[in-house]
Amino acid sequence: MIDAEILRAIVNAAIFRLPDANRPILEQIQLLIDQCLPGHLGLRLIRLDADQSEARLSYRREIAGLHGYMHGGAIFTAGDTLTALMLLHQINPDTRNVLTTDAGIRYLRPLPDGDLIIKGRIIKRTGNKIKMVADFFNEAGKRIAQSRFTCLLYAGQQ
């Protein structure tokens, strides 16, 4: 279970402003996201469970490519962020850091407008190595991309 203590153990307080620990945990995580790249893209958490999660990214010109579609880098970043945040449920004192060690994405169709719905899920865990998938859907429910991530939980240094 994610709690404020876990967030305080992993977030670099010299760089990021820690939210009030009395707020709901999803709100605390969103306030942290808003301070870095995914927040500037507009990523909004909907649900963050241990095995499945969901977020939304609304189309804006600022995150589009010159062709007018949502930029593939914005899509990929949203999936990487959502799947990594799911691993907050897996963190313990021996494995308090998350590192994406391998990733790939397959784009199926463009997103010219509207919301991008991102759904993350864990597909396999072997020790501290976790394989995850993020599926990306348009508002009509059509898949526009799928990414796969391999993440490593490790002690590391703050």
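No lab work stands behind these numbers, since they all come straight from the coordinates. Predicted model only: the values in this text are computed from it and were never measured. FYI the Cβ positions are ideal-geometry reconstructions off the backbone, even for glycines, and counts take in every protein chain you see.
What about Ile117, is it among the β-branched types (Val, Ile, Thr), closer than 14 Å to Met70 by Cβ and in contact (Cβ under 8 Å) with a residue 40 or more places away in the chain?
Details: among the β-branched types (Val, Ile, Thr): yes; closer than 14 Å to Met70 by Cβ: yes; in contact (Cβ under 8 Å) with a residue 40 or more places away in the chain: yes.
Taking the combined requirement at face value, the residue satisfies it.
Of all residue pairs spaced 6 or more apart or on separate chains, those with beta-carbon atoms under 8 Å, a first member in segment 1-17 that is under 21 Å from Asp51 (Cα atoms) and a second member that is assigned to a loop (DSSP other than H, G, I, E, B) and among the basic types (Lys, Arg) are Ile6/Arg96; Ile10/Arg96. When the residues of segment 17-37 are filtered to those that are under 14 Å from Leu88 (Cβ atoms) and within 13 Å of the chain's Cα centre (by Cα), the one that is surrounded by the fewest Cβ atoms within 10 Å (Cβ to Cβ) is Leu26. Annotation: Ala14 fulfils all but one of (1) surrounded by 12 or more Cβ atoms within 10 Å (Cβ to Cβ); (2) farther than 16 Å from Arg96 by Cβ; (3) among the hydrophobic types (A, V, I, L, M, F, W, C); the unmet one is (1). Within the option set Thr83, Thr77, being touching a residue at least 60 places away in the same chain (Cβ under 8 Å), polar (S, T, N, Q) and under 21 Å from Ala103 (Cβ atoms) holds for one residue only, Thr83.
When Ala74, Ala50, Ala103, Ala55 are checked against the criterion of being under 30 Å from Arg8 (Cβ atoms), in contact with a Phe, Trp or Tyr (Cβ under 9 Å, 6 or more places away or on another chain) and not charged (D, E, K, R), Ala103 stands alone in meeting it. Scanning segment 19-62 for residues that are farther than 18 Å from Thr81 by Cα, touching a helix residue (DSSP H, G or I) at 6+ places or on another chain (Cβ under 9 Å) and part of a loop (DSSP other than H, G, I, E, B) yields Pro19, Asp20, Ala21, Asn22, Arg23, Arg60.
Report the residue count in segment 119-141 for those that are hydrophobic (A, V, I, L, M, F, W, C), more than 26 Å from Arg96 (Cα to Cα) and surrounded by 14 or more Cβ atoms within 10 Å (Cβ to Cβ).
At the first step, the residues of segment 119-141 found to be hydrophobic (A, V, I, L, M, F, W, C) are 122-123, 130, 132-134, 136-137, 140.
Checking the rest, the ones that are also more than 26 Å from Arg96 (Cα to Cα) come to 136-137, 140.
Still in the running and surrounded by 14 or more Cβ atoms within 10 Å (Cβ to Cβ): 136-137.
Going through segment 119-141 one residue at a time, the tally reaches 2.
Considering segment 97-116, the residues that are more than 15 Å from Gly73 (Cα to Cα) and in contact with a strand residue (DSSP E or B) (Cβ under 8 Å, 6 or more places away or on another chain) include one that is surrounded by the most Cβ atoms within 10 Å (Cβ to Cβ), namely Val98.
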